[in-house]
Structures are given as C-alpha cells and as structure tokens.
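The values are calculated or read from the model by the stated rules, or taken from the named source; none is laboratory data. None of these values were measured; they are calculated from a predicted model. Positions of Cβ are generated from backbone atoms using ideal geometry, with glycine treated the same way; all protein chains shown enter the neighbour counts. All accessible areas refer to the heavy atoms of the entire protein, side chains included, with ligands and DNA or RNA removed. Shrake-Rupley method; radii C 1.70, N 1.55, O 1.52, S 1.80 Å.
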Amino acid sequence: MTYTDIYGFKHENATVISKQDEFHRVFIIEDEKHRRFECLKEHPEATHKGPSHWKLAKQDTPPDNYWDVFDSDGK
C-alpha cells in the first residue's frame, strides 16, 4: 500500500507499525529499508492549543537525516 508522510513524500510497500489508536494525529510506517516515517491520519484531532488541525509540511523542509537508513532493532 502507498502512504504519504507528513512532508508529502509517497512511500510504496510500507507497513504500518504503530497501533491504530496509539497516536491521535499521526501513525508510523516502516519501508523495506527499515526507515520509519510519520504519516498524518485522514482526520487528525485538533491540537489542545487551538482549533487548528495538523497540515502536511513542505517537501523542502525535512531534517537533514530524514532519508538515513536505520534498523528498527537500533543496530
């Protein structure tokens, strides 16, 4: 299945690794290279600091190490 992360990047063949209700606004996926990414739920809850919902960030703003591969085992 294809998922879109919080920066708008598409990830094919990823697996959801967080529990369905573990987080209120996001869920976590892992791709075949064991990289983990946050994805925004379809209807995220409003924040406690105001009525606004989360929105996707821009593709040119991810952290420098965003695409680094890391093992889910911490190796």
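I'd like the FRET efficiency for Asp68 and Ser18, computed as 1/(1 + (r/R0)^6) with the beta carbon distance as r and R0 of 35 Å, rounded to 0.05. Using R0 = 35 Å, I get an efficiency of 0.95.
Take 2-9, 16-23, 57-64 and order them by the average number of nearby Cβ atoms within 10 Å per residue, most first; the result is 2-9, 16-23, 57-64. Here, the range 1-42 is characterised by an Rg to Rh ratio of 0.92, where Rg is the alpha-carbon radius of gyration and Rh the Kirkwood radius.
With all protein chains in place and a 1.4 Å probe, the accessible surface of the range 1-42 carries 46 percent carbon and sulfur.
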